[in-house]
Amino acid sequence: MLRLNTVLLITILLLSISCKDQSATTKETSYKITGNVMDYEGHDAQVNIMGFFVDPLFKGSIDESGTLIIELPNEFNKTSQKAFDDYNSLSDAAYELSSIGIEDIFSPLENLTISNPDVNIALAGKYYGFETYEDGVRTGRIFPGSSKEFITYNINPEKHEPIKGHFYMWLYCDGKTSIRGNNKLPIEVNASGEVIKESTREYNITLKKGWNVVKYTVIATEKDSNGIEQVMKSSFTTEENYENEIYWHYFQL
């Protein structure tokens, strides 16, 4: 009888350990971003990972030398939705905030193959950058991209000519999906409505549940018949090993 009880106890322990191991391997982990901000001119600061109109959520820091650490939390879609709900409940809310989908980030989607178009996405930061705060006061923004000039163009495309380059963004996805193919955007149209020149955008994206790094690249630019520089070819791609080529740029307020 004692031997039988011992066998049962060992079996229960093994099952318990197996379940714990399985839970540990399937449990989602937070996502850490590290880097060095070029030409950083501030003091030790906190980094806000939230977007427009909602209260800041500080999950990162940058020191006087520009060393950057950001830790994006698990289930960021739920964190974002709660922040949206809190804002929407305000009597003076100017907008109705809600979770975003594929079209909000990757539009236009014509002629593309999308495996799961109904996933929701939470975008870390504002646009694709992050705000810095010192003692509760916003001091600037940091952006991951190929050059400061490229970032400047993408922040205000109406005021600056496009140039070749790339930037990164961090997306939390509540499911799996992929986006493949390319589409074309009219650049020039003649008096008869015929398209004279088109801009091509390529998509090679695989999003997993959890955090994803996506790279947007302007591959080629060209002047139109009015002498205005236009983006002629661009792409969205999923990135895995981006650390060695990323540059962080600081814009002080």
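Take the Cα atoms of the stretch 97-182, build their convex hull, and give its volume per residue in Å³.
Dividing the Cα hull volume of the stretch 97-182 by its residues yields 145 Å³.
Please work out the Cα center distance from the stretch 213-228 to the stretch 46-66, rounded to the nearest Å.
Using only Cα atoms, the two centres lie 30 Å from each other.
Which of the trypsin sites (Lys or Arg not before Pro) across the stretch 200-239 are loop residues per DSSP, with 14 or fewer other Cβ within 10 Å?
Lys208, Lys209
Considering only the other residues whose Cβ falls under 11 Å of the Cβ of Ser98, what net charge follows from Lys and Arg at +1 and Asp and Glu at -1?
-3
What is the packing order of peptides 104-116, 126-138, 184-196, taking the mean over residues of other C-beta atoms within 10 Å and listing the highest first? Please list the in-between numbers first.
On the way: 104-116: 13.5, 126-138: 16.7, 184-196: 11.1.
Ranked by mean Cβ neighbours within 10 Å, highest first: 126-138, 104-116, 184-196.
Using the heavy atoms of the protein chains and a 1.4 angstrom probe, tell me the accessible area per residue for the chain in square angstrom. Before the final figure, lay out the partial values.
Numbers: 14560 Å² over 253 residues.
For the chain, the solvent-accessible area averages 58 Å² per residue.
Select from the chain the helices, each a whole stretch of DSSP H, whose alpha-carbon atoms run 20 Å or more along the helix axis and whose Kyte-Doolittle mean is at least -0.5; answer none if there are none.
Helix filter hits for the chain: 2-26.
Please express the Cα-Cα pair-distance distribution P(r) of the stretch 142-227 as a list of whole percents, one per 10 Å bin, running from 0 to the bin with the greatest distance.
Histogramming the stretch 142-227 at 10 Å steps yields 14, 35, 34, 14, 3 percent.
Just checking my list (i) 20.8; (ii) 15.3; (iii) 11.9 against mean projected area of the Cα convex hull in nm² computed from this structure; which label fits?
(i)
For the chain, what is the calculated [θ] at 222 nm in deg cm²/dmol (nearest 500), taking -39500 (n - 2.57) for each run of four or more DSSP H residues and dividing by its residue count?
-6500 deg cm²/dmol
What lysines sit close enough to Lys209 to cross-link, taking a C-alpha to C-alpha distance under 18 Å and skipping anything fewer than 8 places away on the same chain?
Filter leaves Lys27, Lys32, Lys78, Lys176.
Contour minus end-to-end for Thr113 and Lys208, with contour as 0.36 nm per residue of separation and end-to-end as the Cα-Cα distance?
Extra length from Thr113 to Lys208 when fully extended: 32.6 nm.
Step through the residues of the stretch 93-110 one at a time and calculate ³J(HN,Hα) from phi using the Karplus curve (6.51 cos²θ - 1.76 cosθ + 1.60, θ = phi - 60°), rounding each to whole Hz and writing x for Gly and Pro.
So the Karplus estimates, Gly and Pro as x, are 4, 8, 9, 9, 8, 8, 4, 9, x, 4, 5, 5, 9, 10, 4, x, 10, 4 Hz.
Could you please state how large a percent of the accessible area of the chain is carbon and sulfur, counting protein chains only and using a 1.4 Å probe?
Working: 7320 of 14560 Å².
Carbon and sulfur atoms account for 50 percent of the accessible area of the chain.
Just to confirm a number: summing +1 for Lys and Arg and -1 for Asp and Glu over residues other than Leu109 whose beta-carbon lies under 14 angstrom from that of Leu109, what do you get?
Neighbourhood net charge equals -2.
The values are calculated or read from the model by the stated rules, or taken from the named source; none is laboratory data. Predicted model only: the values in this text are computed from it and were never measured. For neighbour counting, all protein chains shown are included, and Cβ atoms are generated from backbone atoms with ideal geometry for every residue, glycine included. For accessibility, only protein heavy atoms count, side chains too; no ligands or nucleic acids. Shrake-Rupley method; radii C 1.70, N 1.55, O 1.52, S 1.80 Å.
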